[in-house]
1. To the nearest Å, what is the center-to-center distance of region A:122-138 and region B:11-60, using C-alpha atoms only?
2. Restricting to DSSP loop positions (anything but H, G, I, E, B) with no more than 15 other Cβ atoms inside 10 Å of their own Cβ, which GluC sites (Glu not before Pro) remain in region B:1-48?
3. Carbon and sulfur together cover what percent of the accessible area of chain A at a 1.4 Å probe radius?
4. So what is the relative contact order of chain B, in percent, for Cα pairs below 8 Å that sit 6 or more residues apart?
5. Let me confirm one metric for peptide A:46-52, namely the mean number of other chain beta-carbon atoms within 10 Å of its residues' beta-carbons.
6. Before anything else, pin down the relative contact order of chain A: Cα pairs under 8 Å, at least 6 apart, normalised by residue count, whole percent.
7. Enumerate the calculated ³J(HN,Hα) couplings along region B:25-36 in order (Karplus 6.51 cos²θ - 1.76 cosθ + 1.60, θ = phi - 60°), each rounded to whole Hz, writing x wherever the residue is Gly or Pro.
8. Of A:Y35, A:L174, A:I88, whose Cα points farthest to the positive end of the dipole of chain A (charges on the beta-carbon: +1 Lys, Arg; -1 Asp, Glu; origin at the Cα centre)?
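The values are calculated or read from the model by the stated rules, or taken from the named source; none is laboratory data. Everything numeric here is computed off the predicted structure, so don't read it as measured data. Methodologically, a virtual Cβ is constructed for each residue, glycine included, from the backbone with ideal geometry; neighbour enumeration extends over all protein chains shown. These accessible areas exclude ligands, DNA and RNA; they are computed on the full protein's heavy atoms, side chains included. Shrake-Rupley method; radii C 1.70, N 1.55, O 1.52, S 1.80 Å.
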Amino acid sequence: MKRSTGKYSDADDMTLVKASVDGDKTAFGEIVNRYKSMVARTVKGMLGDTVFAEDLGQEVFIKLYDSLPGFRGEAKLSTYIQKIAINITLNEIKRRKRFFSMFSRSDDDEIHEYDVTDTNDEERKDAREIVNKALQQLEPKFRVVVAMRMLQGYSTKETAEILDLPVGTVLSRLARGQEQMKKILKRL
Amino acid sequence: MKIKDIKNLILKSLTGDEPDAEVINNLIEATGDFSFSEGFTDKVLDKIFNRDVSESHDIEFLQSLNKIFYRIAISGIAAIILLLISIYISQGSLSIDSFLGLGDIADESIIYILTGN
């Protein structure tokens, strides 16, 4: 069932935020519709196209809804959502790392459940699989920076702002991530 | 697009201090949409707004549990006070012996009861 959010289709983000804080379900639905692709790229890009990614995506928006009363509009809503998505995804990566280390398995052994029903386009599916596999073999701190550049095209400054890191750190992580990526891609 | 081309695109996208828009767009085009499943928005909205309903049910339940507790506690305290008054009236004191119903029994009587002599 496709939810109609026509009432707010032309509304700016701040209008949607205010209406959502007042409990307007349609307004929050519009926010979800606007930013779900961005969240999907972040979460699925960093975790892989797993069934857990969908749950995590929902968690991102639930957390967003809970924190909206504190959103003052100092940063763009997309930046704010991206921060939440990255924090939740990084927490999940850490949780998995702990879980897998308990069973003496490496992070590389994480379960990959590729959703075959997601697309019929085999080439795109293959491309996504390569991107996912490559990203998941990167160290998490490089993975975030690389994913933000590769999957979303964020500038260095935007990445630094979202991750609360100095620009220099982002650049050095990007460079080291690129080095790791070269080795990973050779193996794939 | 061939796998080799995808790998090249990935590496190109990471080159330089700033992203190359054309390379990023090509990579996005190659990987396609990372979208969530159909009905994602509805699931999110249902979770958020039904959570409020279930939370309010929980609060109502806790409030009624609180009321029940007070009612039971007040009745219990009233019963204890009545018991103390009745013990005091019948036994003349509130000692432990009175509570155990032994206030009027002399030690000799107990020995008589137990031994029959």
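1. Comparing the Cα centres of region A:122-138 and region B:11-60, I get a distance of 17 Å.
2. Details: sites: B:E22, B:E29, B:E38; in loops: B:E38.
Within region B:1-48, the qualifying GluC sites (Glu not before Pro) (loop, at most 15 other Cβ atoms within 10 Å) are B:E38.
3. Working: 4560 of 9170 Å².
About 50 percent, which is the carbon plus sulfur part of the accessible surface.
4. Values: 26 pairs, mean separation 12.0, N = 117.
After rounding, I find 10 percent.
5. Details: counts 0, 0, 0, 1, 0, 1, 0.
Across A:46-52, the average partner-chain Cβ count within 10 Å equals 0.
6. Details: 170 pairs, mean separation 40.8, N = 188.
Dividing the mean separation by the residue count of chain A yields 22 percent.
7. Result, ordered by residue: 4, 4, 5, 4, 4, 5, 7, x, 7, 8, 5, 7 Hz.
8. The Cα lying farthest towards the positive end belongs to A:L174.
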